[in-house]
Structure formats: structure tokens, C-alpha cells
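Rule-based calculations on the coordinates, nothing more; no lab input. These numbers were taken from a predicted model, which means no experiment stands behind them. Quick reminder, even Gly has a Cβ in these numbers, built from the backbone with ideal geometry, and neighbours come from all protein chains shown.
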Amino acid sequence: MEVESVNVGLPREVIWKQERVSTAIFKVPVEGSIALRKLNLDGDRQADLTVHGGPSKAVYAYPLEHYDYWRTRVQETPETLGAFGENLTTRGVLEADLNIGDQLRVGTALLQVTQPRMPCYKLQLRFNRDDMTRLFALSGRSGFYFSVIEEGEVKAGDSIEFVEHVEHGVSVAEVYGLYFDRTIDPELLRRALQTPALTDESRSMLLRRLT
């Protein structure tokens, strides 16, 4: 498992559907080591802190393996990595491999897996497709958020290593399935809600599925 690309970007204003929108989804790959801090990477910010960023969503990662899927289905998929707004494009690790609460050493930083990414309309803006949010939700290819336990530095080519794996835990893929699957596994939902590292956002989403 390794970091394929480190991507950062600052908020910018763009016109979307005749309205001015502030977004930081346009990330670009950077060279060299980048400091990874409690709330973000150096040179990176989030535009709307009500739904992005914060301690539990300090770093967003997206698997390189998903790019082939999107490029065969969505011709608007950019060639440049960072297209999904991810800070880290990863290789060799998928949503099913990571449990909520897992701790991983990435570069010199220590990160903890917190939740899948909820699609928002900024994906429609980035891909210039009105159906991109729906396609993303249905794909199951959510990527994953990390909190930062220990600050450090990260660069392309760094290894990603498990420091602590939550045995018999609930994976990022399973939580995402609980968000969107038509039917719900009650036992899986119970286990997810009992996961100490589950974020308030995910807990709220899952509780809404109960109703």
C-alpha cells in the first residue's frame, strides 16, 4: 500500500448554474514532502466547513484503482489525479480493506480511518455532469476520510502501513452500504452504531436509516 499522489488546493470561486460558488475540489498533485497537520495539509483548505474538513475529516483519500472504473463510464473524468477532491490518491488499499478506527502510518504521520465520503453537488461541478452525485453514490467507490493522530509529512511514494487494525470491525465499504443500500442488515447496523470511532456525521446518517 502506498501514496500515489499528494494533492492540494485552495478555495476558488467558479460559476455553476449561473451562480457564484466557492469550492476547493480542484486539487492538483504536488511534489516533495508536504506537512500534514491536524486539520489539513499545507497548501490545502476546504471551502465549506459545514460539510467538509474538521478534525474527523482532515484528510480525504481516494484509491487510484477507481480511476479506471470512472474513465470507462464517465468521459468527463479528468486525467489528473486529485479529480475527486482527494488529498491522497492511494494504491493497494480499498474501502473494504479499512475498518472504522483503523490506524495507519502514512509517511511520518499517524492517521485514523473515520468514515466514507458523502457525495455532494461539488462533484457535479467538478465533472460538469448533473448526475455525478448519483453516479458516485451508486458506485460504492466512496474513498475514505482520516483524522490526524500524529502530525507528520507525506509525499508521493510513501508507504501506507497498518499500525492498528480493528478486528471484527465495520469497514468503510459496509458503512457506505448502510448509507445507500435498499435493504439494511440490522446486525451490521447495530455493530456500526456501537463502533467508538464512528463520526457523529455517520452516526446521524445511520440513525436516519432506522426511521
Q) Condition test on LEU39, is it surrounded by 15 or more Cβ atoms within 10 Å (Cβ to Cβ) and not in a loop (DSSP other than H, G, I, E, B)? A) no
(Q) Looking only at segment 95-127, filter to residues that are among the hydroxyl-bearing types (Ser, Thr, Tyr) and over 28 Å from ILE15 (Cα atoms); which one of those is surrounded by the most Cβ atoms within 10 Å (Cβ to Cβ)? (A) THR114
Q) If you take the residues in segment 144-187 that are polar (S, T, N, Q) and part of a strand (DSSP E or B), which one is farthest from GLY32 (Cα to Cα)? A) SER171
Q. From the list GLY82, GLY92, GLY53, which one is under 23 Å from VAL175 (Cβ atoms) and within 12 Å of the chain's Cα centre (by Cα)?
A. GLY53
Q | Checking PHE162 against (1) under 16 Å from LEU104 (Cα atoms); (2) of a type in the set (Phe, Trp, Tyr); (3) buried (at least 16 other Cβ atoms within 10 Å of the Cβ), the condition it does not meet | A | (3)
Q. With GLU31, GLU19, GLU13, GLU65 as the choices, which residue is in contact with a strand residue (DSSP E or B) (Cβ under 9 Å, 6 or more places away or on another chain) and without any contact (Cβ under 8 Å) to a residue 24 or more places away in the chain?
A. GLU13
Q.
Between a residue in segment 135-148 that is on the phi > 0 side of the Ramachandran plot and any residue that is part of a strand (DSSP E or B), which pairs come within a Cβ distance under 6 Å, given they are 6 or more apart or on different chains?
A. GLY143/ALA61; GLY143/TYR62
Q. Among the numbered criteria (1) part of a helix (DSSP H, G or I); (2) within 30 Å of ASP68 (Cβ to Cβ); (3) of a type in the set (Lys, Arg), which single criterion is violated by ARG141?
A. (1)
